[in-house]
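Structure first, then comments.
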Amino acid sequence: MPGTYLEHAPPAHLAPYVECFWTLEAAEDLADYPVLPDGCVDIVYSRGRAGNEPQVVGAMTRARKFALSAGQFDCGVRFRPGMSPLFLRVPGTETTDQSIPIGDLGGARGRRLSPQLAEASSPEQCIRLLEQLLDHPAKPGVVQRACASIVENRGLVRVDELASDAGLSDRQLRRLFLEQTGLTPKHLCRVIRFRHSVSRLRRSRRGDFAQVALECGYYDQAHFINEFRELSGYSPGEFSSLAR
């Protein structure tokens, strides 16, 4: 990796909502830095890029590639799946596979964030500024509890059981998910299962795809390979070669 990517644990009061804060410093130009779908929404700030207002990057349905320039510094906050609506009052359908300037969503505090980050003297100070943006979350609701269950079970849950646990019909739960996360419950389950397979693949012996497929709940190796290629743009073998 031509750069340094670091994750920073959130403070205790944000841990239920935030997966991590992160920083990325590029050591050289990179035309196609890959980012895989993970079911999360991020707030991302890029210093050293024109038009560097912080962006809300919505949940992705497919992998995306971003161009990085040598010396570019990026930082961000990654919300746990389904938790960003407690801080950002915007329909999930408007952010899925999109990047939206935070000034359009975060009010006066969001508009002040860009010059504050531009003047920050260290990555740690950038992270503190992002932390300060995240106070007074709304109360978690049905969607947040269902998302937490999906993550806890690594995507291996039935949508009808999620709906039943929430006292809703499948259609009602699907509507709420789309409104708040931009993904259906079924799609989020696919993404979370894929995310677990990525983690498992990084630790597996090269070519041991049948075992990964079994452990991650896919029907068979062919199903796993097809799902992996659809969500990442790579075959498991290609990804294993890149990750090592």
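Derivation of every value follows stated rules applied to the coordinates shown; laboratory data play no part. Owing to the predicted nature of the structure, the values given are computational and were not obtained by experimental measurement. Positions of Cβ are generated from backbone atoms using ideal geometry, with glycine treated the same way; all protein chains shown enter the neighbour counts.
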Exercise for the section: Treating each Cα of segment 2-113 as an identical point scatterer and ignoring solvent, apply the Debye formula and state log10 I(q)/I(0) at q = 0.15, 0.17 Å⁻¹. Expected result: -0.66, -0.86
Problem - Orientation-averaged projected area, Cα convex hull of segment 1-46 (nm²) - result: 4.0 nm²
Completion exercise
With Rg from the Cα atoms and Rh as the Kirkwood inverse mean 1/r over Cα pairs, segment 92-176 has an Rg/Rh of 1.12
Practice task
Provide, in order from the shortest bin, the percent of all Cα-Cα pairs of the chain in each 5 Å bin, continuing until the bin that contains the maximum pair distance.
Solution key: 1, 6, 13, 16, 18, 17, 14, 9, 4, 1, 0
Problem - the chain, dipole about Cα centre (Lys/Arg Cβ +1, Asp/Glu Cβ -1), debye to the nearest 20 - result: 340 debye
Problem - Mean Cβ neighbour count within 10 Å, used as a protection proxy, ranking 134-147, 54-67 highest first - result: 54-67, 134-147
Problem - Stretch gain in nm, segment E161-A15, where the contour uses 0.36 nm per residue and the Cα spacing is subtracted - result: 49.9 nm
Handout entry: FRET efficiency for R145 and R206, using Cβ-Cβ distance with R0 set to 45 Å, rounded to 0.05
Key = 0.70
Fill in the blank from the handout: When the charge dipole of the chain is computed with +1 on Lys and Arg Cβ and -1 on Asp and Glu Cβ about the Cα centre, the Cα farthest towards its positive end, among Q116, Q132, V191, belongs to V191
Fill in the blank from the handout: Once the dipole of segment 9-114 is set up from charges on Cβ (+1 Lys and Arg, -1 Asp and Glu), the residue from the list L88, V18, L30 lying farthest towards its positive end is L88
Practice task
Would you please state which residues of segment 137-159 a label at D170 would reach in this model, taking the label point 7 Å out along Cα→Cβ and a backbone N cut-off of under 17 Å?
Solution key: 156-159
Exercise for the section: Please give the length that would be gained between Y219 and R89 if that part of the chain were fully extended, namely 0.36 nm times their separation in residues minus their C-alpha to C-alpha distance (nm, one decimal). Expected result: 43.0 nm
Problem - Spacing of the two label points (7 Å from each Cα toward its C-beta) at K186 and H8, in nm - result: 4.1 nm
Problem - Largest-first principal axis extents of the Cα set of segment 142-243 (Å) - result: 44, 21, 20
